[in-house]
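Quick notes on the structure that follows.
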Amino acid sequence: MNNLPDNDILERKAALLGSLLLFTQTFYNLLTGREFRISFPDGRESHFYVICRALVKVLEGKIKRLIINVPPRYGKTALLIHFVSWAMAHFPDSNFLYVSYSHSLAKKQTQNIRDIINSPFYRKIVGITISDNSSAKDDFELDQGGSVYAAGAGGTITGRGAGVMGCNRFGGAVVIDDIHKPDEVTSDTMRNGIIEWYYNTMQSRLNNGNDTPIIFIGQRLHEDDLPANLIKKGGWEVLSIPALDEHNNALYPELHSTEDLLKMKEQEPYVFAAQYQQNPQPAGGGIIKPEWFVLKDEEPKMLVTFITSDTAETTKTYNNATVFSFFGIYKINIAGSDIEQYGLHWIDCVELRVDPKDLLSEFMSFYAGCLRYPVKPKITAIEKKSTGVTLVSILENTQGLEALPIERSINKTERFLAMQPYIASKLISLPRYGKHTQMCLEHMRKITANKSHRFDDVADTLADSIDLTFISKMIPNRFISSANTEADAIVKRLANNFNKVQKMQENRRW
């Protein structure tokens, strides 16, 4: 392309500057070697066309405040970084602030913008260049006066702004690409901190006041996130693009089919409603459905059993309780055949409120009951907090039982959302007529995403067990794999002994 005649260059420049989508397809292919594929959904227009049309209106000055809510991995960032490069080609004195939830993520995207502008074909077609004094990937200027600066939400922005003061046409914009970090947005403190940062810091970086456009693009993560706050205040053009329309047509069938999305809706309803449908469910709604649990009339054949404990320091009924849960891991059986999928059976659970001095005796009483089960528990996992640490230190001398202290590194809401898909996939079972079954089901029904439920001690023991079984896989890796290895070794020894006996008998006959 670098050897194009002058007339072809002019024609190509006109075509590229005239179409953001063509510009994106061209430079995406040049820089990555891959095709930028457009979606072809049934029953509605491709979201790539919808987003490009809105961004063009920003360049034309028809939209000053734009919110685009679209599912993750649907090409939003690629469109955004090419929009900045495309807008620079139109107005090379434009100043952009590119903001993400972390500076490193924003820097990655501004580096992509820099690579586009610095590519030989861009320089040949557009004729603008990056200043020799600008070597940084997160802060660079053009010889023509424009600039691009990367910022992380919550950080400082010193001496830089978006837009051109006194400019009566497009002069750059604030571009916000995923301002909330998914694993932090459920924290009121973290979420509100980002919102306050936007109003106190971000808005002061507009060089041309309200005439400097602000573009927010990203999936919804919470019913009270920044886009919800902005929409409530008004004055924003909002494009809310769900992954499934009212007729269950998939927005991006090349990436997620209708079947994929419906499965996601069933297994991860909270995440699906927020990130894929752009309609976060009220956080006070229950995130675990009792019907997701499998009720068994017969006990499965256990491979290993273990105990999880959540301890408390009070006898008060209005505080969280001490909970001991007994679980077993088994292979799920379908039509008489085991499949290569583990199930987690909630064998027993007790919820009590006791003085710390009685904690050990209550645990030993529960443990004694577990020892009557055909497969004895090998390990007890206990949260690493004051009473738990004490209990672990005492149980370390208990013969035949390993006490494992565990740390819960993420907040409760994230932990409960993390276990949701395993429960929704019907991997957790309980005895149909177990004395604890209805109590556990009712407790899990009340668990919410905004922690408006009163108690979550029982749920904590289930979350720990799901982590140990399905997420970290510590229990299967330590006890089931080794058990299988030991069994294999026994079988091999028996086979070798049998072969030796056969040879001895043959030798005697000769």
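The values are calculated or read from the model by the stated rules, or taken from the named source; none is laboratory data. Predicted model, so just to flag it, every value in this text is computed and none were measured. As a convention, Cβ positions derive from the backbone with ideal geometry for all residues, glycine included, and neighbour counts pool all protein chains shown.
Residues in the stretch 185-193: is at least one touching a residue at least 12 places away in the same chain (Cβ under 8 Å) and within 22 Å of I81 (Cβ to Cβ)?
No - not one qualifying residue is present in the stretch 185-193.
Go through (1) small (G, A, S); (2) farther than 30 Å from G163 by Cα; (3) crowded, with 22+ Cβ neighbours inside 10 Å one by one and return the number of the condition G218 breaks.
That leaves (2) as the condition not met.
Can you tell me which of G43, G33 is loosely packed, with under 15 Cβ neighbours inside 10 Å and without any contact (Cβ under 8 Å) to a residue 24 or more places away in the chain?
G33
One line per residue, one yes/no per condition, for (1) in contact with a strand residue (DSSP E or B) (Cβ under 8 Å, 6 or more places away or on another chain); (2) under 30 Å from H222 (Cβ atoms); (3) surrounded by fewer than 18 Cβ atoms within 10 Å (Cβ to Cβ); (4) modelled with pLDDT of 95 or more:
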| site | (1), (2), (3), (4) |
| --- | --- |
| L10 | no, no, yes, no |
| L21 | no, no, no, yes |
| H47 | no, yes, no, yes |
| L55 | yes, yes, no, yes |
| V58 | yes, yes, no, yes |
| M88 | yes, no, no, yes |
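For C52, which of the numbered conditions (1) free of Cβ contacts under 8 Å to residues at least 40 places away in the same chain; (2) part of a helix (DSSP H, G or I); (3) over 27 Å from A273 (Cα atoms) fails to hold?
All conditions are met except number (3).
Is it the case that some residue within the stretch 23-37 is closer than 26 Å to C167 by Cα and either touching a strand residue (DSSP E or B) at 6+ places or on another chain (Cβ under 9 Å) or not aliphatic (A, V, I, L, M) (or both)? Walk me through it before giving the result.
Going through the stretch 23-37, the residues closer than 26 Å to C167 by Cα turn out to be 23.
Subsequent filtering for residues that are either touching a strand residue (DSSP E or B) at 6+ places or on another chain (Cβ under 9 Å) or not aliphatic (A, V, I, L, M) (or both) retains 23.
Yes, the stretch 23-37 contains a residue that is closer than 26 Å to C167 by Cα and either touching a strand residue (DSSP E or B) at 6+ places or on another chain (Cβ under 9 Å) or not aliphatic (A, V, I, L, M) (or both).
Quick test for you: out of A14, A78, A54, pick the one residue that is under 29 Å from T158 (Cα atoms) and either over 31 Å from the mean Cα position of the chain (by Cα) or aliphatic (A, V, I, L, M) (or both). Show your work before the answer.
Numbers: A14 fails: under 29 Å from T158 (Cα atoms); A54 fails: under 29 Å from T158 (Cα atoms).
Step by step, each of A14, A78, A54 is checked, and only A78 is under 29 Å from T158 (Cα atoms) and either over 31 Å from the mean Cα position of the chain (by Cα) or aliphatic (A, V, I, L, M) (or both).
Identify the residue in the stretch 380-411 that is touching a residue at least 24 places away in the same chain (Cβ under 8 Å) and assigned to a helix (DSSP H, G or I) and, among all such residues, is surrounded by the fewest Cβ atoms within 10 Å (Cβ to Cβ).
Within the stretch 380-411, the match that is surrounded by the fewest Cβ atoms within 10 Å (Cβ to Cβ) is S386.
Return yes when L80 is closer than 24 Å to I241 by Cβ and surrounded by fewer than 23 Cβ atoms within 10 Å (Cβ to Cβ) and no when it is not.
Numbers: closer than 24 Å to I241 by Cβ: yes; surrounded by fewer than 23 Cβ atoms within 10 Å (Cβ to Cβ): no.
No.
Find all pairs meeting these conditions: Cβ atoms under 6 angstrom apart; at least six residues apart or on different chains; first residue within the stretch 336-351 and crowded, with 19+ Cβ neighbours inside 10 Å; second residue modelled with pLDDT under 90.
What qualifies is E351/A321.
Being at pLDDT 95 or above and in contact with a helix residue (DSSP H, G or I) (Cβ under 9 Å, 6 or more places away or on another chain) is the filter; apply it to the stretch 344-366 and report the residue that is farthest from L430 (Cα to Cα).
V350
If we keep just the residues of the stretch 132-152 that are of a type in the set (S, T, N, Q) and closer than 14 Å to M88 by Cα, which is surrounded by the most Cβ atoms within 10 Å (Cβ to Cβ)?
Within the stretch 132-152, the subset of a type in the set (S, T, N, Q) is 133-135, 144, 147.
When the remaining residues are screened for being closer than 14 Å to M88 by Cα, the result is 144, 147.
Working: Q144: 16, S147: 20.
Filtering the stretch 132-152 for residues that are of a type in the set (S, T, N, Q) and closer than 14 Å to M88 by Cα, the one surrounded by the most Cβ atoms within 10 Å (Cβ to Cβ) comes out as S147.
Given the condition within 17 Å of M88 (Cα to Cα) and part of a loop (DSSP other than H, G, I, E, B), answer yes or no: does some residue in the stretch 176-196 qualify?
Among the residues of the stretch 176-196, not one is within 17 Å of M88 (Cα to Cα) and part of a loop (DSSP other than H, G, I, E, B), which makes the answer no.
Could you pull out the residue among F216, F272 that is at pLDDT below 95, among the aromatic types (F, W, Y) and closer than 23 Å to I179 by Cβ?
Only one candidate passes the filter, namely F272.
Is it the case, given these coordinates, that I68 is outside any loop (DSSP other than H, G, I, E, B), of a type in the set (V, I, T) and in contact with a helix residue (DSSP H, G or I) (Cβ under 7 Å, 6 or more places away or on another chain)? Working first, answer last.
Numbers: outside any loop (DSSP other than H, G, I, E, B): yes; of a type in the set (V, I, T): yes; in contact with a helix residue (DSSP H, G or I) (Cβ under 7 Å, 6 or more places away or on another chain): yes.
Criteria met by I68.
If you go through the stretch 117-128 one residue at a time, how many are at pLDDT 90 or above and in a loop (DSSP other than H, G, I, E, B)?
Number satisfying all stated conditions: 2.
Just name the residue that is surrounded by the most Cβ atoms within 10 Å (Cβ to Cβ) out of those in the stretch 412-453 that are in a loop (DSSP other than H, G, I, E, B) and small (G, A, S).
Our first condition is that a residue be in a loop (DSSP other than H, G, I, E, B); within the stretch 412-453, this holds for 425-427, 432-436, 446-447, 449-453.
Add one more test, that the residue is small (G, A, S), and what stays is 425, 434, 449, 452.
Working: S425: 15, G434: 17, A449: 25, S452: 12.
Per the stated criteria, the residue is A449.
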